[in-house]
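The values are calculated or read from the model by the stated rules, or taken from the named source; none is laboratory data. Note that the structure is predicted; figures quoted are calculated from it, not measured. Using ideal geometry, Cβ is built from the backbone for each residue, glycine included, and neighbour counts are taken over all protein chains shown. The accessibility values were calculated without ligands, DNA or RNA, using every heavy atom of the protein model including side chains. Shrake-Rupley method; radii C 1.70, N 1.55, O 1.52, S 1.80 Å.
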Amino acid sequence: ICLSQVFCIRDEAVPPPPIRDFVVTNEKEAWVVTNKGKVFHLFADTRVKEELKFPTEARLINFINANEGWILDSNGQVWATANNGKDWSKKGGFNNDIAYIDLSSKMLFLDKNTGWIMNSWWVWITEDGGNSWSSIYPNEKFSYSTLQGQPIKFFPVNADIAWLAMSNSKVLKTANRGK
């Protein structure tokens with residue numbers, strides 16, 4: 001897998017798997033989740049850290065710095081690390097609503113407490129580092145049926161303010177964490 005001349009996994013006999021999610025933690029490190037749910041830690045000198053072993057397939061990944069990161073797996077379980085991926089602990093999980101994760105889905109953390117997960121039908125927020133999650137879209141005022149659209153992009157500005165772009169060309173903004 002060559003993401004540039006800087007980040008590469010080279011094996012000429014095996015074609016590279018498609019990338020599902022990708023995050024750069026600093027100028028020397030990046031993390032990749034493949035479509036098959038494998039996680040690789042890449043380094044600028046093209047070394048690859050041993051593939052991480054999770055009990056299920058990884059779907060989404062996000063880091064806020066080189067040490068603190070989160071992974072969402074295929075069972076809707078959120079995992080967190082505070083030491084650059086050396087150890088991972090289980091955080092909160094989801095029911096079957098999270099099962100639909102496509103290439104537009106994203107997990108975004110702004111700090112060690114506040115984060116969001118978005119897919120084509122839902123947006124969730126955590127305010128405790130991933131231990132618990134609550135849905136901010138849809139809500140009583142805005143839903144697929146009232147807006148006739150699906151979330152396609154989510155952009156947090158800070159812990160309170162975020163923008164949500166919809167498939168029907170509508171843009172929603174929250175200034176109170178989706179409340």
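A few points about this structure:
- ³J(HN,Hα), Karplus 6.51/-1.76/1.60, whole Hz, each residue of segment 135-148, x for Gly, Pro: 6, 10, 9, x, 9, 4, 8, 10, 8, 4, 5, 7, 9, 6
- Subtracting the Cα-Cα distance of residue 179 and residue 75 from their residue separation scaled by 0.36 nm leaves 34.8 nm.
- Set of lysines with alpha-carbon distance to residue 106 below 22 Å, sequence-local pairs under 8 removed: 36, 38, 53, 90, 91, 153, 170, 173, 179
- When both segment 20-68 and segment 123-163 are represented by their alpha-carbon centers, they are found 25 Å apart.
- What segment 125-174 shows is 56 Å² of accessible area per residue, with the surface traced by a 1.4 Å probe over protein heavy atoms.
- Between residue 66 and residue 168, the simple spin-label model (points 7 angstrom out along Cα→Cβ) gives 4.7 nm.
- In sequence order, segment 117-129 has phi-based couplings of 10, 10, 10, 6, 10, 9, 9, 10, 10, 10, 10, 9, x Hz under the Karplus curve 6.51 cos²θ - 1.76 cosθ + 1.60, θ = phi - 60°, and Gly or Pro positions carry x.
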